[in-house]
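Enquirer: Structure below; questions to follow.
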Amino acid sequence: MISGIVTSNGHTWKQQRRVANVCLRLLGKGEKRIEHQIEGLAGQLIEMFANTKGQPFDPSLPLINSVFNVVCSLSFGHQFELGDKNFQKLVEATNIIEEKSGGFFHLMFEAVPWLMKRLPGPYQKMLDAAQFILSFARQEVEKHKQHYSQHEPEDFIDYYLLEMEKSKNDSNSTYNEENLLCCLLELFIAGTNTTISSLNWAIVTLANHPEIQEKVHKEIEDVFGPSAPISYRDRKALPYTNAVIHEILRAKYNILIALPRQSTANMKMGNFHIPKGTIIIPDLRSVLLDPEEWETPEEFNPNHFLDTDGNFRFREAFLPFGIGRRICLAENLARLEIFTFLINLLRTFRLQLPEGIKEIDETPIATMVLNVQPYKICAVPHHTPL
């Protein structure tokens, strides 16, 4: 039975979560660590923005290319060119799953999967998309199986195959190729569109608030100048910028409904009795927009994360990635991507509204993820090349 991480429980979940955690930790070390690859992709992203010559353009495609290649690097150990046909199909398949998830047909599938698999209709597109990603991943696994023993593990597939080899004589092991494929599917579904959405919301919000964007740029210039390298660990030297990024993730949260959870014991919450085994769907808005926790919960306000002296302050109610043992597995990766891509863009360009546009519409489009409306911005360089 294919379980992966997201939909599994008990022993299976513990083993799949463990190998993913170990992989992410180890891929954060050494010369080929994922941060270096994200920094390289940030450079490519800047080039794509620069090629627009300050004219109005839709930044979604460059963002998609960058974020998907982060997951490809993590999963497969290599990246794809934007024009690669299989890469384009991979992006399209992931988008189809996001668009169809959470709707009526998805709920029907969860209730009667045996029936929905046999009926024609919109949900078949989602099933076909998932099968394409699984087939794509299976080809990558076959390539890795031929060569992974010839070098140290360099990506998720390498680490998983190594775990399979170590536990091949363990009858209780859940490390197998089916679960590997499911984990890869989940990495693409959970690790791409939410990050892309957050970056789009960041660009839209800052284009609509040029005074905040200017303060971020000034802080970066004052601390690092126009060209000194900036890494993720440098975020502590940029309290205002750090506050702005946190506020974007709070005010422009993009998960409408968090993944279901199950209570492990009988409990009472307020006046409600929740029996053991009850399926619970967390509402992240209840804390991210809680008027008892935030001074202006419905407004974009970076001061939520600053003390009176302008120092960054973490807020306990900041939970866009969830909480507990099943907190978002890729939280640190998403934070690293958002910081690195955004900091490089804001350092290089003034992201401004096209001429004649007073404000970009911030009404979200609700699918599995709360996405921005189609939009265009202008990326005007801060410094003219010599």
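Enquirer: Can you list residues from other chains, or at least 5 along the same chain, whose modelled amide H is less than 5 Å from the amide H of ALA258?
Expert: Amide H to amide H, under 5 Å and 5 or more residues apart or across chains, ALA258 pairs with LEU284.
Enquirer: Pairs LYS89/LYS166; LYS145/LYS276; LYS166/LYS252; LYS125/LYS268; LYS125/LYS252; LYS14/LYS268: which exceed 32 Å Cα-Cα?
Expert: LYS89/LYS166; LYS145/LYS276; LYS166/LYS252; LYS125/LYS268
Enquirer: Return the carbon/sulfur percentage of the accessible area of the chain, one whole number, probe 1.4 Å, all protein chains in place.
Expert: Details: 11030 of 20290 Å².
Summing carbon and sulfur atoms, their accessible area is 54 percent of the total for the chain.
Enquirer: Along the charge dipole of the chain, which of THR7, CYS23, THR296 sits closest to the positive end, that is, farthest toward it, with unit charges on the beta carbon of Lys, Arg, Asp and Glu (+1, +1, -1, -1)?
Expert: THR7
Enquirer: Could you tell me which trypsin sites (Lys or Arg not before Pro) in the range 1-62 are loop residues by DSSP with no more than 16 other beta carbons within 10 angstrom of their beta carbon?
Expert: LYS29, LYS32, ARG33, LYS53
Enquirer: Just one of (i) 22.3; (ii) 21.3; (iii) 18.9 is mean projected area of the Cα convex hull in nm² calculated from these coordinates, so which is it?
Expert: Label of the calculated value: (i).
Enquirer: How far apart, in nm, are two points set 7 Å out from the Cα along the Cα-to-Cβ line at GLU165 and at ILE327?
Expert: 3.3 nm
Enquirer: Taking the Cα centre of the chain as the origin, how large is its charge dipole in debye, to the nearest 20, when only Lys and Arg (+1) and Asp and Glu (-1) carry charge on their Cβ atoms? Write out the running numbers ahead of the final one.
Expert: Values: 39 positive and 47 negative charges, 214 e Å.
In debye, rounded to 20, the chain gives about 1020.
Enquirer: Now, a different point. Which one, PRO374, PHE49, LEU161, is farthest towards the positive end of the dipole of the chain when Lys and Arg carry +1 and Asp and Glu -1 on their Cβ?
Expert: The listed residue farthest towards the positive side: LEU161.
Enquirer: Same structure again: Rank these by accessible area, largest first, 1.4 Å probe: LYS145, LYS252, LYS376, LYS358. List each step's numbers first, then the result.
Expert: Working: LYS145 85, LYS252 40, LYS376 115, LYS358 195 Å².
Solvent-accessible surface, decreasing: LYS358, LYS376, LYS145, LYS252.
Enquirer: Further, regarding this structure: Give me the percent relative contact order of the range 186-334, please, defined on Cα pairs under 8 angstrom at least 6 residues apart.
Expert: 23 percent
Enquirer: What's the center-to-center distance, using Cα atoms, between the range 212-228 and the range 231-259 in Å?
Expert: About 17 Å separates the Cα centre of the range 212-228 from the one of the range 231-259.
Enquirer: Straight-line reach from LYS168: which aspartates and glutamates have Cα under 14 Å away, leaving out those fewer than 8 places along the same chain?
Expert: By straight Cα distance, LYS168 reaches GLU177.
Enquirer: With the other protein chains left in place, how much accessible area per residue, in square angstrom, belongs to the chain at a 1.4 angstrom probe?
Expert: Numbers: 20290 Å² over 386 residues.
I get 53 Å² per residue for this part.
Enquirer: Which order do peptides 164-175, 56-67, 75-86 fall in by mean Cβ count within 10 Å, highest first?
Expert: Peptide ranking by packing, descending: 56-67, 75-86, 164-175.
The values are calculated or read from the model by the stated rules, or taken from the named source; none is laboratory data. All figures in this text were calculated on a predicted structure; none of them were measured in a lab. A quick note on method: Cβ atoms are made from the backbone with ideal geometry, for glycine too, and the neighbour counts reach across all protein chains shown. Calculation scope for accessible area: heavy atoms of the full protein, side chains included, ligands and nucleic acids excluded. Shrake-Rupley method; radii C 1.70, N 1.55, O 1.52, S 1.80 Å.
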